[in-house]
């Protein structure tokens, strides 16, 4: 039976979540892929690029959502672009490892409690999950239209100039299914599977 999780999350709730736990996610989250992660990191963490007035405006709006909240690695298909009455038609997860170079720093910067995606992430993100704390929620790949049903409402969008998949969409989710595959205790189901698979492969080859 899935555990119902509501954003924003407390440290106590995050620490209680262990590998393999099925969850049902609820609350307001933000989507973000490569461009959004780089934009955040370059302007507000590494400060390689000076933010302009619009950057600062958007940052101030997303910050309270990400504090205690979650970012979803998702490039949605969105309807209602002409009318502004947005609706997610497809909401499948993006492969998360693409954000590994940024994710740990972003988790710490915003005191984020959740990352949603597919395929897991690396050591830097796992370390940040232990420190902050934060949890990685593995979403189901291949059922993008089904996951879109869990998007109860599109509350807004930032940086639409990045393109629809790369923009930061603010969404309210209800009963979004996921599994904890990286916890706040230094455990990664993805790493366990990789190690075990190598052992099996070795026996098959030799």
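Read-outs: derived from the displayed coordinates by stated rules, not from any lab. These numbers were taken from a predicted model, which means no experiment stands behind them. Cβ: placed from backbone, ideal geometry, glycine included. Neighbour counts: every protein chain shown.
Annotations for the structure displayed:
- When Rg and Dmax are taken over the Cα atoms of the stretch 1-108, they come to 15.6, 47 Å.
- Selected from 192, 62, 97 as most flexible by GNM, with the chain as the system and alpha-carbon contacts under 10 Å: 192
- Spin-label pair residue 108/residue 19, simplified geometry with 7 Å Cα→Cβ offset, distance in nm: 2.5
- DSSP finds beta bridges in the stretch 3-205, and of those with both partners inside it, around 60 percent are antiparallel.
- Across the stretch 57-148, the volume of the C-alpha convex hull divided among the residues equals 103 Å³ per residue.
- Neighbour counting of Cβ atoms within 10 Å sorts the residues 166, 152, fewest neighbours leading, into 152, 166.
- Applying 0.36 nm per residue to the separation of residue 49 and residue 3 and subtracting their alpha-carbon distance, the gain on full extension is 12.5 nm.
- The chain: angle of helix 100-110 to the longest principal axis, Cα-based, in degrees nearest 10: 60
- Of 134, 74, 18, the one that fluctuates the most in a GNM where the chain has Cα springs shorter than 10 Å: 18
- Here the spin labels are modelled as points 7 Å beyond Cα on the Cα-Cβ line, and at residue 145 and residue 98 they lie 2.3 nm apart.
- Entry note, the chain: the mean residue ellipticity at 222 nm calculated from DSSP H runs of n ≥ 4, each adding -39500 (n - 2.57), is -10000 deg cm²/dmol after division by the residues and rounding to the nearest 500.
- Among 69, 141, 80, residue whose mean-square fluctuation peaks in a GNM of the chain (springs only between Cα atoms under 10 Å): 80
- The calculated Kirkwood hydrodynamic radius for the chain is 17.3 Å, given to one decimal from all distinct C-alpha pairs.
- Two-site label geometry, residue 67 and residue 192: point separation in nm, points 7 Å out along Cα→Cβ: 3.5
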